[in-house]
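Colleague: Have a look at this one.
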Amino acid sequence: MPASITASAGVSTAIGGVQVIDDGLNGETFSTVVFDTTGILAASGSIVSGSGTHSLSITGTLSQVNAALGTLSYSNPSAGADTITVTTSDLSDHNGVTKTIAVTITGGDDYSADVMTRGLVTVGGGQVTGNIETPGDRDWFRLSVTQGSSYTINLIGILLVDPEVYLYNSSGQFVDSNDDSGTVNSRLTFTATYPGNYFIGASAHRDNATGTYGLSVSAGAAPQVPEIAVSGNAHNIPDNNATPSSSDNTDFGSVTQGGSPVQHFFTINNFGAAALAVSGLTLPTGFSLAGASRARSGRTARISSWFSSTRRRSGPKAAKSASTRTTRTRTRSTSRSRAW
Ligand SMILES: [Ca+2]
Ligand SMILES: [Ca+2]
Ligand SMILES: [Ca+2]
């Protein structure tokens, strides 16, 4: 039995060499239990139960068990480490043995780059997300269209800095592509020349980066308007979001009155096809815009702003624990077209 194996995330890997060794002379019945923590184990045969789960068991004669073990395979959707434990009991002699196999799961890819992809995006169906896990990775998504209709594909970087979008026909042949459209994000408008499926490919520009992207498709041509997207701590803050969260920097917490101010930073991106002007900001009661910096040169524009407020807590403990909430917020924008 191998002491260790290596598997690629999302790919079923055969585990060879797992066999029960016994004379089997007495026609004993053996029971072998194979289990792991995060992966999926599979084996075929009528004496196998639990195939496709974290734990499967095989009960039969020596030759039957070994035949089933010969079909043993392992898969795991996520990269990392796992341990497979194999316990075999001789049900006649009432003895058993346990051995382990260390598993290393490498890489990982959420969507293939061919017409067999499991990726799916629908017109007006919102944004689907995916990952460029390794440089050079490309992910395809199937899109169902109506002949003669126009569609606009938007591919934005969430953690991927500079995405690039591709369009392929139902046979997987290249139709069109776009790298940057107003910003480093990608936008492609096309008119379907046949009914059925097209495929959309997402990648990093020059295949040299990794990260999470968001893909959406809308009906019609792209409106030539700006599209603001605000994020904190690299997490998108949805429109009209009113729930403070530490993960996206929107929870400012509180500090003791007279203490150091709390400073949070935000990023503003323009994903639209027209320049975005940020002015007349409306801030919640008690917050104020304290500063801003503007575009410096070329591709990078930056706005910095500081908000501060002093807010006394209400309630029974207010007299003893009056607190000052001071907030400094800095916003930053990236735009190739110097939108600011
Ligand atoms: Ca991928
Ligand atoms: Ca892929
Ligand atoms: Ca791009």
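Colleague: How long are the semi-axes of the ellipsoid equivalent to the stretch 4-106, from square roots of 5 times the Cα gyration tensor eigenvalues, in whole Å, largest first?
Modeller: 25, 13, 11
Colleague: Ordered by packing density, taken as the mean number of other Cβ atoms within 10 Å over each peptide's residues, highest first, how do 168-181, 60-73 rank?
Modeller: In decreasing order of mean packing, 168-181, 60-73 become 60-73, 168-181.
Colleague: Where does each of 123-135, 239-251, 153-165 land if you order them by average Cβ count within 10 Å, highest first?
Modeller: Top of the packing list down: 153-165, 123-135, 239-251.
Colleague: Compute the FRET efficiency between ASN95 and ILE47 as 1/(1 + (r/R0)^6), taking r as their Cβ-Cβ distance and R0 = 22 Å, and round to the nearest 0.05.
Modeller: The computed FRET efficiency comes out at 0.60.
Colleague: State to the nearest 20 debye the size of the charge dipole of the stretch 3-122 about its Cα centre, where the only charges are +1 on K and R beta carbons and -1 on D and E beta carbons.
Modeller: Charge dipole, the stretch 3-122, about its Cα centre: 220 debye, nearest 20.
Colleague: Treating the beta-carbon of each Lys and Arg as +1 and of each Asp and Glu as -1, no other charges, what is the dipole magnitude of the stretch 100-156 about its Cα centre, to the nearest 20 debye?
Modeller: 200 debye
Colleague: What's the magnitude of the charge dipole for the stretch 128-219 around its Cα centre, counting Lys and Arg as +1 and Asp and Glu as -1 at the beta-carbon? Answer in Debye, nearest 20.
Modeller: Roughly 280 debye for the stretch 128-219.
Colleague: Which net charge results for the neighbourhood of SER112, defined as the other residues with beta-carbon distances under 14 angstrom from its beta-carbon, given Lys and Arg at +1 and Asp and Glu at -1?
Modeller: Net local charge, SER112 excluded: -3.
Only the coordinates and a few stated rules stand behind these numbers; no lab work does. A quick note: this is a predicted structure, and the numbers were derived from the prediction, not measured. Note that each Cβ is placed from the backbone with ideal geometry, even for glycine, and that neighbours are counted across all protein chains shown.
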